[in-house]
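Read through the structure below, which is laid out as structure tokens, and then see the notes.
The values are calculated or read from the model by the stated rules, or taken from the named source; none is laboratory data. Note that the structure is a prediction, hence the values are computed from the model and not measured. Every residue, glycine as well, gets a Cβ built from its backbone with ideal geometry; the counts of neighbours run over all protein chains shown.
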Amino acid sequence: MAAVAVSKYEFAPADTQDKFHGAQLMYIGWEDHLLFCAPFAFPFPPTMRFGDIVSNVLPGAFGYHPEFSQIDWAKTEWLKSGKPFSPDFDKSLAENGLKHKDAIRFRTPGLTGIKGSCS
């Protein structure tokens, strides 16, 4: 049964970019790896290089998974809000068109979790 609001529900969001001291939220998830049940949220400056996230941030977030060290970043498939995305590792988040609260996911062909379990 669908729920219907009985009145207008209008409010100012509490997590607008101006609340993050120059940073923007970025959600990052790893497809087919349900050991991480949801994307991680990170506050990054828009000027941060995408490659710095891959080399300096993702190992701390996902590195304890046994398959992380096997990732071939040249073959990784990226999704931005569910659509194919080709980030330039040498450009900033802003230059890659990434904005506050964007969600990106990466898929690693041939790696589908522990013993293919998606975990």
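Any chance region 55-65 includes a residue that's in contact with a helix residue (DSSP H, G or I) (Cβ under 6 Å, 6 or more places away or on another chain), of a type in the set (A, V, I, L, M, F, W, C) and assigned to a helix (DSSP H, G or I)? Among the residues of region 55-65, at least one is in contact with a helix residue (DSSP H, G or I) (Cβ under 6 Å, 6 or more places away or on another chain), of a type in the set (A, V, I, L, M, F, W, C) and assigned to a helix (DSSP H, G or I), which makes the answer yes.
When you check residue 15 against the structure, is it part of a loop (DSSP other than H, G, I, E, B) and not aliphatic (A, V, I, L, M), yes or no?
Criteria met by residue 15.
Only residues that are in a loop (DSSP other than H, G, I, E, B) and surrounded by 17 or more Cβ atoms within 10 Å (Cβ to Cβ) were counted across region 33-51, and they come to 3. Would you call residue 22 of a type in the set (Gly, Ala, Ser), outside any helix (DSSP H, G or I) and on the phi > 0 side of the Ramachandran plot? Criteria met by residue 22. Quick check on residue 61: is it closer than 19 Å to residue 43 by Cα, at pLDDT 95 or above and touching a Ser or Thr at 6+ places or on another chain (Cβ under 8 Å)? Taking the combined requirement at face value, the residue does not satisfy it.
Going residue by residue through region 70-86, is there one that turns out to be in a helix (DSSP H, G or I) and modelled with pLDDT of 95 or more?
yes
The sole residue among 89, 106, 40 that is more than 19 Å from residue 17 (Cα to Cα) and under 13 Å from the mean Cα position of the chain (by Cα) is 106.
So which residues in region 65-86 are surrounded by fewer than 16 Cβ atoms within 10 Å (Cβ to Cβ) and more than 12 Å from the chain's Cα centre (by Cα), if there are any at all? Result: 66, 69, 70, 72, 73, 74, 75, 77, 83, 84, 86.
Filtered by the rule that a residue be touching a helix residue (DSSP H, G or I) at 6+ places or on another chain (Cβ under 6 Å) and in contact (Cβ under 8 Å) with a residue 24 or more places away in the chain, region 66-89 gives 87, 89.
As for region 6-15, it holds no residue that is touching a residue at least 24 places away in the same chain (Cβ under 8 Å) and either under 15 Å from residue 89 (Cβ atoms) or surrounded by 15 or more Cβ atoms within 10 Å (Cβ to Cβ) (or both).
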